[in-house]
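Asks: Could you have a look at this structure, given as structure tokens, before my questions?
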Amino acid sequence: MTPLIEVEDLRISFPTAKGSFDAVRGVSFTLGREKLGIVGESGSGKSLTGRALMRLLTPAAQLSAKRLAFDGQDLLQATPRDLRRIRGRRISLVLQDPKYALNPVMTVGEQIGEAFRTHHRVSRAEARAKTLAMLEAVRIRNPVRVHDLYPHEVSGGMGQRIMIAMMLIPEPDLLIADEPTSALDVTVQMQVLAILDDLVTQRGMGLIFISHDLNLVASFCDRILVMYAGRIVEECRASELHAATHPYTRGLLASLPRIEESRAELAVLTRDPAWLTA
């Protein structure tokens, strides 16, 4: 069976006054219809890797790879028209903060309906019915009322559910969730993750879940990639994260607070220059 995603030796760099800066360096992985977590510090290349799969990089970015494919289709050779058919319809992206991702002058229903009608030839009445069903699927109470609200009239947790509804209504094969719960409190985080888990499982989709939160990813995903300075330094099953062997991953785990432990200070990660090349 062809994997949904095939990435081999992905590299992304940016020109600077001091020369080229390598932001992603030789990343390789495959993804099936599973939940893949990508973790690491800010600046480690997680989001750039996700955006590269949709070819949504700034024009200044220099992208290369031995292979970058979605469902067997070469994304490096894809035309703008090919990419428009893939983005949203087959690969969707949930961003971190709905305040900046949702259009403030369009109602919730208009935005979700537009995402559906862009990829499916249906009437406005059909799009409205599908939108209401999708709002209900992401566990929004009274979807008829929320349908006519504007983004500033909903809470952060509801805004994130609306974003998920908008990205899932075209029925994509792959969902990339870039820090989708970092702006939410813990209770709402769990609710949003439960919704994602249910929908991804029911639809047999692939999911790339990008996060800083190791515990969250370990409890939610099937596999985990750990990134440092643009490279994947470790890959493991999520259930085996506690047994990770790379010093960087061990350092991240050691720095996490634990309610059952009493420590005067949290461990501070000591970086080894060899991690940049090893």
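Asks: What's the magnitude of the charge dipole for the range 98-171 around its Cα centre, counting Lys and Arg as +1 and Asp and Glu as -1 at the beta-carbon? Answer in Debye, nearest 20.
Replies: So the dipole magnitude of the range 98-171 works out to roughly 100 debye.
Asks: How far, in degrees from 0 to 90, does helix 156-168 lean away from the longest principal axis of the Cα atoms of the chain, to the nearest 10?
Replies: The two axes meet at around 80 degrees.
Asks: Bin all alpha-carbon pair distances of the chain at 5 Å intervals from 0 and give each bin's fraction as a whole percent.
Replies: Distribution as computed: 1, 5, 12, 15, 17, 16, 13, 10, 6, 3, 1, 0, 0 percent.
Asks: What longest range of the chain stays clear of loop-exposed trypsin sites (Lys or Arg not before Pro) (DSSP non-H/G/I/E/B, at most 11 other C-beta within 10 angstrom)?
Replies: Between exposed loop sites, the widest span is 142-257.
Asks: Determine the gain in length on full extension of the stretch GLN77-ASP97; use 0.36 nm per residue of separation and subtract their C-alpha separation, reporting nm with one decimal.
Replies: Taking GLN77 through ASP97 to full extension adds about 4.1 nm, to one decimal.
Asks: Restricting to DSSP H runs of at least four residues, report the calculated mean residue ellipticity at 222 nm for the chain, -39500 (n - 2.57) per run over all residues, nearest 500 deg cm²/dmol.
Replies: That comes out to -10000 deg cm²/dmol.
Asks: Here is a follow-up. Determine, for VAL24, VAL108, the number of other Cβ atoms within 10 Å of each Cβ, and report the residues in order from fewest to most.
Replies: VAL24, VAL108
Asks: With label points built 7 Å along Cα→Cβ from the Cα atoms of GLU235 and THR201, find their separation and express it in nm.
Replies: With each label placed 7 Å out from Cα toward Cβ, I get 2.5 nm.
Asks: Collect residues whose amide H, placed 1.01 Å from N in the peptide plane, falls under 5 Å from the amide H of ILE176; neighbours closer than 5 in sequence don't count.
Replies: SER92, LEU93, VAL94, ILE208
Asks: If the viscosity is 1.306 mPa s and the temperature 10 °C, what translational diffusion coefficient in µm²/s does Stokes-Einstein give for the range 98-171 when Rh comes from Kirkwood over Cα pairs?
Replies: Once the numbers are plugged in, D ends up at 134 µm²/s.
Asks: Name the most mobile residue of GLU110, GLU41, GLU260, meaning the one with the largest mean-square fluctuation, in a Gaussian network model of the chain with Cα contacts below 10 Å.
Replies: In this elastic network of the chain, the residue with the biggest mean-square fluctuation among GLU110, GLU41, GLU260 is GLU260.
Asks: Only counting other Cβ atoms within 10 Å, I'd like TYR100, TYR248 sorted with the fewest neighbours first.
Replies: TYR100, TYR248
Asks: To continue, here is another question. Under 20 °C and 1.002 mPa s, how fast does the range 42-149 diffuse according to Stokes-Einstein, given a Kirkwood radius computed over C-alpha pairs? Answer in µm²/s, whole number.
Replies: 132
Asks: Also: Can you list residues from other chains, or at least 5 along the same chain, whose modelled amide H is less than 5 Å from the amide H of ASP222?
Replies: Amide H to amide H, under 5 Å and 5 or more residues apart or across chains, ASP222 pairs with LYS35, LEU36, GLY37.
Asks: Now for a separate question. Within the range 45-83, which residues have the backbone N less than 14 Å from the label spot 7 Å out from GLU8 along Cα→beta-carbon, could you tell me?
Replies: 65-70, 72-76
Asks: Let me ask something else about it. Could you tell me how many degrees, from 0 to 90 and to the nearest 10, lie between the Cα long axis of helix 108-119 and the main elongation axis, the longest principal axis, of the Cα atoms of the chain?
Replies: Between the helix axis and the principal axis of the chain, the angle is about 80 degrees.
Asks: Test of understanding: extend the Cα→C-beta vector of SER64 to 7 Å, then name every residue of the range 5-41 with backbone N under 15 Å from that spot.
Replies: 8-15, 20-27
Every number in this text was worked out from the coordinates using simple rules, so none of it is lab data. Since the structure is predicted, the reported quantities are computational estimates derived from the model, not experimental observations. In this analysis, Cβ positions are derived from the backbone assuming ideal geometry, glycine residues included, and neighbour counts consider all displayed protein chains.
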